[in-house]
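Worksheet for the structure shown next.
The values are calculated or read from the model by the stated rules, or taken from the named source; none is laboratory data. Only a predicted model underlies this, so the values are computations on that prediction, with no experimental measurement involved. Cβ: placed from backbone, ideal geometry, glycine included. Neighbour counts: every protein chain shown. When the accessible area is computed, the model is the full protein with side chains, heavy atoms only, and any ligands, DNA or RNA have been set aside. Shrake-Rupley method; radii C 1.70, N 1.55, O 1.52, S 1.80 Å.
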Amino acid sequence: MAVTTNGTAAGLVDWRTVERLTALIPAGPSASRSTRASSVAVLRRSAQEAPAWVARITGLNRAAQQVADSTRVSVVDRAGLVRASTRALRDLMGQVPAPRASEAVRLAGAAEVAGAMSLLATRLLGQVVPPAPTGADAGRSDVGRSDVGRSGTGRPGGEEPEGEESGVVDGKASASPHVLLVAPNVLAVRRQMDLDMLDLPAWVCLHEMTHAVQLAAAPWLGPYLTDSMRTVIGAVVEAAYGGIGGVGGASTGEGATRRRRGGAVRIAARAGRGRVLEGLTNFRDRSEVASLAAALTFLEGHAEVVLDDVRPNRMPSVHRLRAVLSRSRAADDGIGPGPGLGALLLHRLMGLEAKEAQYADGAAFVRSVVARIGQEGLNVVWTDPALLPTPAEIARPDVWVHRVG
């Protein structure tokens with residue numbers, strides 16, 4: 001992780017400390033080599049079948065075919081998920097200007113990032129990460145080896161080629177999104193809840209591939225979400241540190257040091273309680289956050305409604321699966337398969353309870369729209385970012401239907 005981060009929001013985090021802290025995350029449930037291998041195989045097969053399901057349900061046939069043809073899918077262990085997610089977050093933060101940070105600020109930032117990664121690494125079943133960066137850094141393998149977990153002896157198993165997992169082909173970075181399926185977490189959930197060994201992976205893959213199809217149906221969606229996330233990160237930096245002079249390596253003296261440390265402690269405490277965004281007083285900043293939250297709510301709800309359409313003739317235990325996972329998601333503060341798409345940071349900053357609201361409110365919006373104008377009417381949303389539902393329209397789908405005609 002030896003990259004230049006000075007002058008950006010990525011410089012507010014000590015990434016080496018993040019790496020050391022996340023290395024302590026448990027590998028996952030113990031399993032035999034054959035169990036690990038079969039779990040990986042089932043996830044891979046489910047991922048291959050999922051785009052066709054999404055196409056039949058949504059009518060997004062061309063986008064689903066594009067996903068089937070070009071989207072990278074990796075079955076990873078927890079360490080692989082953390083490496084990929086950390087890199088994506090660091091790269092995003094590296095695009096936002098920020099002042100140089102004191103060591104206290106960097107350590108506080110590292111603790112917060114490591115905490116978020118630890119939470120996701122042990123609960124997330126799948127994730128969609130942005131396309132790999134281009135340039136001199138693109139050829140490096142940064143995801144890791146696929147593994148369902150580690151056996152009691154600590155030996156890895158079920159590995160895949162590292163080049164495939166890193167998204168690197170012939171030394172060049174792929175421009176497609178990368179779907180990560182977290183095998184040890186899927187195995188753990190299946191065991192804990194006594195779920196079907198075929199249906200649960202199919203469910204997880206259908207959810208994640210729906211998000212991949214969303215990105216393919218709307219080529220502007222990835223850049224739109226990235227731009228919005230950059231704006232939110234910039235607003236949080238401003239609110240937390242008081243602007244370009246607020247973090248301050250330039251100020252000297254004992255008083256300045258105390259102020260910087262105090263600011264770091266306050267922002268870390270607010271982040272841990274999901275209250276960082278309380279510091280946003282600028283109307284434009286709050287509006288940006290609300291718009292991004294509405295977009296993520298819609299995307300999550302859309303994926304949820306795709307799962308609504310699954311019937312027992314395709315997934316025999318679907319009714320039990322739906323009921324059990326819904327209860328589990330609420331009990332675990334709403335962390336389920338996850339939308340990816342940059343929701344990690346916003347979810348952490350706004351508080352864990354916001355995730356369950358994304359599922360419920362977004363699904364209610366999509367169901368209402370489909371009932372009024374069908375899937376074809378809903379699919380107009382993928383043609384232009386201006387057609388994404390606003391925060392007010394999420395609660396009033398009839399207003400969105402009227403606006404889009």
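What to note about this one:
- The residues of the range 18-99 expose, per residue, 44 Å² of accessible area to a 1.4 Å probe.
- Local electrostatic count, D199, Cβ distance below 10 Å [Lys/Arg +1, Asp/Glu -1]: +2
- Protection-proxy order for peptides 44-50, 75-81, each taking the mean of Cβ atoms within 10 Å per residue, highest first: 75-81, 44-50
- Each peptide in 57-69, 197-209, 29-41 receives the mean, over its residues, of other Cβ atoms within 10 Å, and ordering these scores from highest gives 197-209, 57-69, 29-41.
- In the range 1-82, the portion of solvent-accessible area held by carbon and sulfur atoms comes to 51 percent [1.4 Å probe, whole percent, DNA, RNA and ligands not counted].
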